[in-house]
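The values are calculated or read from the model by the stated rules, or taken from the named source; none is laboratory data. Keep in mind that this is a model prediction, so the values were computed, not measured. Note: accessible area is taken over every heavy atom of the protein model, side chains too, but ligands, DNA and RNA are not part of it. Shrake-Rupley method; radii C 1.70, N 1.55, O 1.52, S 1.80 Å.
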Amino acid sequence: MITYNAVTTDDEILQIIELQKRNLPQNLTKEQREKEGFVTVVHTFDTLQKMNTIEPGIVAKDNDKVVGYLLAMTSKSSNDIPVLIPMFKAFDNVMYDHKKISNYKYLVVGQVCIAEGYRGQGILDACYQEYKNYFMNKYDFAITEIDMDNQRSINAHKRVGFKTVHKYIDPKNAEWNVVLWDWRTIGTK
């Protein structure tokens, strides 16, 4: 049976790092990336531990084994991961519902990953439900960016309730979708 909880132990953080490593683009074939998706950012133990003290991530566990995770980031972590600094800066200019994103109380989905063999079983949706339940009384919405080459992730986020609010091309010529899940307007999801 899969259980869901906020990250509370160093062992859970270490398991997140291992799951992340297995799903980085450089550790997957082109076919695996296209079919199964991938994660982009590499986190250190110290970075994840620091993020988790600000707001905990959510893990899906099969007994004691982490089989999925959703990381939580706030603007307090905006300078901790250099590759994400442009995303946070973009929030100063990207508009949503007639206001800059930076003028809202928002939570960034720092990364999401479900282990091979556990995909397609509703674990991502259940993780996001737990995430929403845990954070929706503190934040207006969850927001993240997804590489346009990661169609599995784009489709999964649409299914959960995220919508595209901005697109851009980074200096390495990768195209990104900024997607947002507005918790203020949730009725059925």
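Under 21 Å Cα-Cα from K30, which lysines qualify once same-chain neighbours fewer than 8 residues away are excluded?
K21, K172
Whole angstrom only: what separates the Cα centroid of the stretch 90-113 from the Cα centroid of the stretch 130-162?
That distance is 12 Å.
Using a 1.4 angstrom probe, figure out how much accessible area the stretch 74-189 has per residue, in square angstrom, rounded to the nearest whole.
52 Å²
Which aspartates and glutamates have a Cα lying under 16 Å from the Cα of K138, excluding residues fewer than 8 positions away in the same chain?
The reachable aspartates and glutamates, counting only those whose Cα sits under 16 Å from K138, are E55, E130, D182.
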